[in-house]
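Reviewing the structure listed below.
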Amino acid sequence: MAKRLNQVASAEGLQVNEIALEELAERVNGDMRMALNQLQYMSLSMSVINYDDVRQRLQGSAKDEDISPFTAVDKLFGFSGGKLRMDERIDLSMSDPDLVPLLIQENYINYRPSSIGKDDNGMKRMSLIARAAESIADGDIINVQIRRYRQWQLSQTGSLSSCIIPAALLHGSRETLEQGERNFNRFGGWLGKNSTAGKNLRLLEDLHVHFLASRESNMGREMLRLDYLTVLLKQLTDPLRVLPKDEAVEKVVEFMNVYSLSQDDMDTIVELSKFQGHGNPLDGIPSTVKAALTRAYKEESKSRMVRAADLVTLPGKKKALKKRVAAILEPSDDGLREENGDVLAESEEENSSDTEDMEGTGNGEKLQSELQSLNSKGIQVEVELKCGKESSKSKKTPTGRGKGGSASTEKKPAGRGRGSSGSSEKPGAKRKR
């Protein structure tokens, strides 16, 4: 780029030093248009341009550098990091305020500070690492205030605690701590760990809901993870190792039915029980037994019914919804779907009839109280009251309207009658349905 700028300057009659052109190309970060603009501005007042002229010209009008988070961390932790001005350090830390603190937290322990000099026992380095860790923890607290409570005015304070102070304490040379480790900055591991934690939390929540829906236990999610998970794993895996195949499969499937556990729940229990340095909980179980367990569970799924999550009373709700009925855990055949549809229709009819009874009872009591208040004032009111069910098996019978001095709740055949008795019926009158 410097050679091309030299050709342009010669064509325009400018005498420019080659070192000055290289400095110009570096300061503008390879932006040819900005370099030509700077040469044009300087040619208005001078015909010979030196290195000092370019440096002085670009001090206040240099192009902002677009750098990656890894480059920013390298500059903060490098040997020349201690010579950076405070505004330069803030610009580096704010180039990516999300990733730069994570990269510093991931790699700060690998740097040997250049300021400690001779440190045979490593106590000085450990002291600086402890101070950097405390500053990173303070930055995490500030970041919570920024993200959760939207205190964006604390952004520079957060970058100071999480980036600038640890880099100022530990800038120097990077070294590996484990054999086979590559000596360059690692990507932040918190992002992957946070994603795995969120996935495991969702799986644990599904398992917890199924346990509550089975009505066999009423524990919290933390208690399920800390106290019950190991026992559940033994109940689900030990019979498959010790007992004969048919007996083991029958026992495990029966246990899963009691606690409304699905195969996904079993996989969740196994996954959450894995720890680094320990074997797979399913080791030692023959593949034929696993296949038999899967087949037996799917056979049982045709007639298996579990309680839906909506029937579980959750915090903040007075009671579960009444119209939500049992849901099928696994997809079943058409015959079972039709049977479930009949059960659902009957349940909806019962719920609607219960609702009508409750509404009728409430309306009757309210109407009776209003009638009493009006009668006490000497006002005669003509009303029609609907009677409730005679029994649980009988159907509702429509009541007739009667004109008389007082309101009567006596049942009468459907139709309209005159007088207090209402025994006669008009010829040709249509019967109500």
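The values are calculated or read from the model by the stated rules, or taken from the named source; none is laboratory data. Bear in mind that the values here come from a model prediction, so they are computed numbers and not experimental data. Backbone-built Cβ (ideal geometry, glycine too); neighbour counts: all protein chains shown.
Computed values, structure above
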read-out: Pick from the range 99-133, criterion touching a residue at least 24 places away in the same chain (Cβ under 8 Å) and either touching a strand residue (DSSP E or B) at 6+ places or on another chain (Cβ under 7 Å) or not assigned by TED's automatic domain parsing to the domain that holds T157 (or both), ranking: nearest to G192 (Cα to Cα); value: N110
read-out: Some residue of the range 56-78 being farther than 30 Å from A167 by Cβ, touching a helix residue (DSSP H, G or I) at 6+ places or on another chain (Cβ under 9 Å) and surrounded by 15 or more Cβ atoms within 10 Å (Cβ to Cβ); value: yes
read-out: Qualifying positions in the range 74-106 - of a type in the set (S, T, N, Q) and modelled with pLDDT of 90 or more; value: S93, S95, Q105
read-out: Residues satisfying the stated conditions in the range 184-225, i.e. under 30 Å from V73 (Cα atoms) and either modelled with pLDDT under 90 or part of a loop (DSSP other than H, G, I, E, B) (or both); value: F184, N185, R186, F187, G188, G189
read-out: Qualifying positions in the range 109-124 - assigned to a helix (DSSP H, G or I) and either small (G, A, S) or more than 39 Å from the chain's Cα centre (by Cα) (or both); value: M123, K124
read-out: The range 205-222, residues that are more than 21 Å from the chain's Cα centre (by Cα) and more than 18 Å from Q263 (Cα to Cα); value: R215, E216, S217, N218, M219
read-out: Residue among D87, D138, D96 that alone is without any contact (Cβ under 8 Å) to a residue 60 or more places away in the chain, within 40 Å of the chain's Cα centre (by Cα), within 15 Å of I164 (Cβ to Cβ) and surrounded by 17 or more Cβ atoms within 10 Å (Cβ to Cβ); value: D96
read-out: Those residues of the range 10-26 which are without any contact (Cβ under 8 Å) to a residue 12 or more places away in the chain and closer than 14 Å to L58 by Cβ, in sequence order; value: E26
read-out: Residue in the range 205-222 that is assigned by TED's automatic domain parsing to the domain that holds E106 and of a type in the set (D, E) present; value: no
read-out: Subset of the range 286-316 (residues that are of a type in the set (A, V, I, L, M, F, W, C) and at pLDDT 90 or above); value: V289, A291, A292, L293, A296
